[in-house]
Amino acid sequence: MIAHTSDSSNSVQTHGKFFSRAGQKFFLKAMRLREVGGTLDFEQKVALCRRFDELKSRHTTGLILTEAQANPVLDLAGQVGLLAMIELAVTPDELTDRRHFGGALSRIAQIAHVFAGRPGLLGYLIDCPIRQDEIRVHGLNVLRRRLRTLIKTIKGRDAHAMVAIKHRPATRALAMLDEDLIYAEVSALDALELHDFVVSMHNLAEARPVIIEFAQTSPGQDEAVAVAFGTGAAGVVAPPVPVPASSDWLGVRMLKADDLMPFVTLNGTCPPRLARSPMVSIVICAYNAERTMLACMESLRKLDYPNYEVVIVDDGSRDRTAEIAAAFPEFRLIRQPNKGLSVARNVGLYAARGEIIAYTDSDCVVDPHWLTLMVRALNEGGLDGCGGPNYAPHEEGKVQACVAASPGAPCHVLVDEGRAEHLAGCNMIFTKSALLKVGGFDPQFTAAGDDVDVCWRMLDASLKLGFCPSAFVWHFRRNTIKAYYGQQRGYGRAEAMLYARYPERFNTLGQIKWRGTIPGLARTVPGGSRQRVRWSVVRPGLQTVFDPALSVAGFLPQTLEWAIFWELAAIASYFAGWSVIPALTMQLLGLVWALYYAWHAPVEKCHDSFTSRLLITFLAYTGPMTRTITRYKTLARAMSRKGTETPARQRPQIDWRGRAIKLAYWNEQYITRDALLDKLIKFFARAGHPAIVDRGWNDFDVEVRPDPWTRIYLKTADEEHGGMKIKSHVIARLRMSPLGRCGLAGVLLATVAAIAMGFPHLAFALGALTLAGAVCIASEMVEAGGVVYQAIEGCATELSLIPLGKPRNKFLRDAIVAPISPPLTSKDAGAELTVANSVTE
């Protein structure tokens, strides 16, 4: 996180996506000195000092110097407070040819040794103008290793200086985590293309600043500089803009110096002010947050946004949370009994006066320009919601730092550079109208999962979610191991509740099946660190780099299911007299995956040690297990619920061969099957039985998943008998799930293999296991059929549908005052018979 430290007052360090100087935010506004040579006499030095004073008065804060310029210019720049980056030129031959690479390495090491510790030095910039085709020929990984060697060499000579590579649109694939910042040069782009380019560089940079250099002067350079800073660039390098000389009425040719400076139009304001600043209501939901509450409140007080309010909802805290919040009288404090996170978010929503609602957590510290950047992205993108990243701040203790680096932190999911599928709840804003349109937050999510649910409901409502990578917050992670496991259990419960509502968004193992990617996650998985590069693009020179898509196979060794399967395999191997080493080796792959994660985890240098990596390995292995166990427990409790409390009124017609339950109903109020299906879907969602509405490609309306082994397919049809009379048919087909079929088939194949290999005892054991599994699955299917039967009957009763089957007992038979039997055919009824098999959306 901290890339540069020094005792000098000119010291600049990275602070998230931006720079910090003497505790204040610092923007690099730099120029090149193309007219300055490598040697200067006394008069030239005096003239250069006057030039530097002029640049400072025109809001310039830095310089980009060549190797030749560095020796005479660097100290002069440092004396007047300008910071400089030294550009180290490396030719493509020096980078690609091993014989020439050694000479370049020695030269760069000598330069870094000479300029180490100079007060005006910001860092070094490695410039290698290599072409995209040369990268493909010599290999991306080979060139990355050599650039990494150059960076390490410079760091070895000057540990406090920042180091970056000068990237171009066609060579973005060379970007690495070893760089302290991301520096990119662009040519002429229109405002939209430049915005997209800066956003893509931010996504590559992750928690590092981005500097944009404009290689050539263009008529629209002032707008380009404003777009770069407005999109969150921490620095811009731009040449002077040549303005043609004009003549006044006396014929005197005039040239205004102000027009030549690239940063005058900003007037020192970074990022630029918004043309329109709608009122934003920041909602903070707090529960026992006294550890971080003061820092959160102070950061909100320092926001650089002209029109906002802060609404604090204290959700029944038992510590000093409300007392700390009350010390900020400019903020509104609402106190309520503990009702959960979603209820608190809704209380803040309805109490807000702004047209935009911003949510962050009480354990977050916001960047001063958080709202400015976020609102700009929301307005310019025509978005209904927008989010940003969250980063772990510095932790004093080693255990806290290890917990912060362990898996499970809040994250965003991107479907494109600036579009999101999910926004982290600690950093998200929405238009108030969009939140009200989807009904706010669901109160059932009391601690986690509320952000996922509201984002999915917005996407289902065709609303647009965006992402602003520069609008970040510092998010304090759980500071104890106990709190970390509590967080993972909360995530497990939330996943189980989400699964009941959105089963189509989950994979076979019950994990969320994201349609987008989580930035940075792939490199923590073996084989996932190799980014995908799109070499052939629509517009030449704009290369696309993105993380590979990860399937469940990439995380399989870290799952609870994997561990249980290979434990059973080891036990079976032991009793069969086979070697247990293969099964134990496969089981240990989970530990290998955890070690790989720990090796690539972002641990602060001050806490990086063998014991730290070992602790992260333990948490990376046990955290997902805890999460999965909790998810299964929650699902088991939900699946143990029976049908409605309303007693069934008719006996079902059972088709044993087709494994189906058939029911029929009559009504004279034109209540169609759509109403019944809607009732059933809502019931299954409340009961924790996931139900998926078919989209029109299958011969059923709804798929119900009452347990991992059973699938029930509901099919409905209506017969119209004239007027308002409708006869509704409901068929529930009971089937074994793919997981159950694969499991039984696997054990059956193992039984056959044991017979063929001459192991009768093992074959008998496996056969018994197959039979027991089949019996258990059959019993589960029967129980699930009973639950669905009760649900259909209960929902039909709520709709006042008259059952047409045989009554279950005399009391229910007497309760039906006037049983109505519809005509057997449409001819008898004199009405047209319409059987509706279309799918309910």
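Descriptive notes on the structure:
- Label selected from [x] 61, 38, 26; [y] 60, 34, 25; [z] 52, 36, 23, the criterion being semi-axes √(5λ) of the Cα gyration tensor in Å as computed here: [y]
- By accessible area, using a 1.4 Å probe on protein heavy atoms only, the chain has 58% of its surface on carbon and sulfur.
- Here is the P(r) of the stretch 433-481: all C-alpha pair distances, binned every 5 Å from 0, give 4, 16, 20, 18, 21, 13, 5, 2, 0 in whole percents.
- For residue 797, solvent-accessible area (1.4 Å; no DNA, RNA or ligand), Å²: 40 Å²
- Restricting the calculation to Cα atoms, every distinct pair contributes to the Kirkwood radius of the stretch 334-480, found to be 15.8 Å.
- Paramagnetic reach from residue 508 in the stretch 767-800 [backbone N under 14 Å; point 7 Å along Cα→Cβ]: none
- Dimensions of the stretch 186-236 from C-alpha coordinates, computed as largest minus smallest value along each principal axis and given longest first, are 33, 18, 17 Å.
- Relative to its Kirkwood radius, the Cα radius of gyration of the stretch 575-698 gives an Rg/Rh of 1.23.
- In loop segments of the stretch 552-610 as defined by DSSP, there are no GluC sites (Glu not before Pro) with at most 12 further C-beta atoms inside 10 Å of their C-beta.
- If the Kirkwood radius is taken over C-alpha pairs of the stretch 385-465, then at 25 °C and 0.890 mPa s the Stokes-Einstein diffusion coefficient equals 175 µm²/s.
- Of the trypsin sites (Lys or Arg not before Pro) found in the stretch 292-333, those in coil by DSSP whose Cβ has at most 14 other Cβ atoms within 10 Å are 302, 318.
- A DSSP coil position with no more than 12 other Cβ atoms inside 10 Å describes the following GluC sites (Glu not before Pro) in the stretch 380-466: 396.
- Largest first, the extents of the alpha carbon coordinates of the stretch 89-158 on the three principal axes equal 41, 21, 17 Å.
- Kirkwood Rh, Cα atoms: Rg over Rh of the stretch 17-162: 1.01
- Distance between the modelled labels on residue 276 and residue 636, one decimal in nanometres: 5.5 nm (7 Å Cα→Cβ projection).
- Note that the stretch 575-615 shows a convex hull volume over its alpha carbon atoms of 69 Å³ per residue.
- Semi-axes of the equivalent ellipsoid of the stretch 655-704 are 19, 18, 13 Å, computed as sqrt(5λ) over the eigenvalues of the C-alpha gyration tensor in descending order.
- Residue 98 versus residue 518: modelled label distance in nm, points set 7 Å from Cα along the beta carbon direction: 4.0 nm
- By DSSP, the beta bridges lying fully in the chain are antiparallel in about 55 percent of cases.
- Taking amide H as placed 1.01 Å from N in the peptide plane, residue 185 has its amide H under 5 Å from the amide H of 167, 168, 213, each at least 5 places away in sequence or on another chain.
- Accessible area, probe 1.4 Å, largest first, for residues 599, 566: 599, 566
- Mean Kyte hydropathy of -1.0 or more with a Cα span along the axis of at least 18 Å, helices from DSSP in the chain: 42-57, 67-79, 98-115, 140-157, 191-205, 481-501, 560-576, 581-600, 610-639, 673-687, 738-756, 760-798
- Modelled this way, with points 7 Å down the Cα-to-C-beta line, the labels at residue 34 and residue 318 are 6.9 nm from one another.
- As computed over the stretch 133-241, the Cα convex hull volume per residue (Å³): 109 Å³
- Scoring 660-667, 47-54 by mean Cβ neighbours within 10 Å over their residues and listing the highest first yields 660-667, 47-54.
- Farthest positive-ward along the chain dipole, Cα basis, beta-carbon charges - from 556, 746, 620: 746
- Helix content alone sets the calculated 222 nm mean residue ellipticity of the chain: runs of n ≥ 4 DSSP H residues at -39500 (n - 2.57) each, divided across all residues, give -13000 deg cm²/dmol.
The values are calculated or read from the model by the stated rules, or taken from the named source; none is laboratory data. Just so we're clear, the structure is a prediction, and the values are computed from it rather than from any experiment. No Cβ is skipped: glycine too gets one built from the backbone with ideal geometry, and neighbour counts run over all protein chains shown. SASA here: full protein model, heavy atoms, side chains in, ligands and nucleic acids out. Shrake-Rupley method; radii C 1.70, N 1.55, O 1.52, S 1.80 Å.
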